[in-house]
């Protein structure tokens, strides 16, 4: 993997983004990290503790590697607001990656999260495979997070919207995975 800085435009503002670009050979290193996470996660459950969330370094990197160098992981945004995880190297679209390693997720978003596209990675099988879903923005922003509020309402109030992407969007809307990948 290599790191570099790129200038992109977000909301008509030019910003500099430090990115991490992956090569196919990085897949082996990522698989090793994932295999280290599995026993730690299972071990915590033996102690009746909550499992360890899948680190974003694994999910975001896995996405970039499995989409053939089209994407790079965003490490830092200079001179501007940036809450995205990945950028498309050709179009400069900003990408939010959400992932879960359990059957039913509870996904949280920051009150100022913005992106062009959102992908959900489902690692629930915990065998190194994961399904990749493109989640329509209109489904996210209109998603009910309580009886009287939507995702967008909560963001406007500076709150962190939380709900299950898998249950409330993927299953209810019968969204099929774009692809299934293996670390």
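Observations on the model:
- Residue that is surrounded by the most Cβ atoms within 10 Å (Cβ to Cβ), among those in the stretch 34-64 that are in contact (Cβ under 8 Å) with a residue 12 or more places away in the chain and part of a loop (DSSP other than H, G, I, E, B): 54
- Tabulated pairs, the stretch 69-83, first at positive phi and at pLDDT 80 or above, second in a loop (DSSP other than H, G, I, E, B) and surrounded by fewer than 13 Cβ atoms within 10 Å (Cβ to Cβ), C-beta under 6 angstrom, 6+ apart or interchain: none
- Residue 102 in contact (Cβ under 8 Å) with a residue 60 or more places away in the chain, surrounded by fewer than 21 Cβ atoms within 10 Å (Cβ to Cβ) and either in contact with a strand residue (DSSP E or B) (Cβ under 7 Å, 6 or more places away or on another chain) or closer than 17 Å to residue 169 by Cβ (or both): no
- Here residue 113 clears all of (1) at pLDDT 90 or above; (2) in contact with a helix residue (DSSP H, G or I) (Cβ under 8 Å, 6 or more places away or on another chain); (3) buried (at least 16 other Cβ atoms within 10 Å of the Cβ) except the condition numbered (1).
Table: residues versus (1) part of a strand (DSSP E or B); (2) within 15 Å of the chain's Cα centre (by Cα); (3) in contact (Cβ under 8 Å) with a residue 60 or more places away in the chain.
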site: 126; (1), (2), (3): no, no, yes
site: 131; (1), (2), (3): yes, yes, no
site: 138; (1), (2), (3): no, no, no
site: 168; (1), (2), (3): no, no, no
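- Candidates are the residues of the stretch 1-30 that are in contact with a strand residue (DSSP E or B) (Cβ under 9 Å, 6 or more places away or on another chain) and not in a strand (DSSP E or B); the one that is surrounded by the most Cβ atoms within 10 Å (Cβ to Cβ) is 22.
- Meets criteria (buried (at least 19 other Cβ atoms within 10 Å of the Cβ), in a loop (DSSP other than H, G, I, E, B) and in contact with a strand residue (DSSP E or B) (Cβ under 8 Å, 6 or more places away or on another chain)) for residue 120: no
- Only residues that are out of contact with any helix residue (DSSP H, G or I) (no Cβ under 9 Å at 6 or more places or on another chain) and surrounded by 13 or more Cβ atoms within 10 Å (Cβ to Cβ) were counted in the stretch 138-163, giving 3.
- Looking across the stretch 65-95, the residues that are in contact with a helix residue (DSSP H, G or I) (Cβ under 9 Å, 6 or more places away or on another chain) and either crowded, with 16+ Cβ neighbours inside 10 Å or under 17 Å from residue 11 (Cβ atoms) (or both) come down to 65, 66, 71, 72, 73, 74, 85, 86, 95.
The values are calculated or read from the model by the stated rules, or taken from the named source; none is laboratory data. All values reported here derive from a predicted model rather than from experimental measurement. Note: ideal-geometry Cβ built from the backbone for every residue, glycine included; neighbour counts use all protein chains shown.
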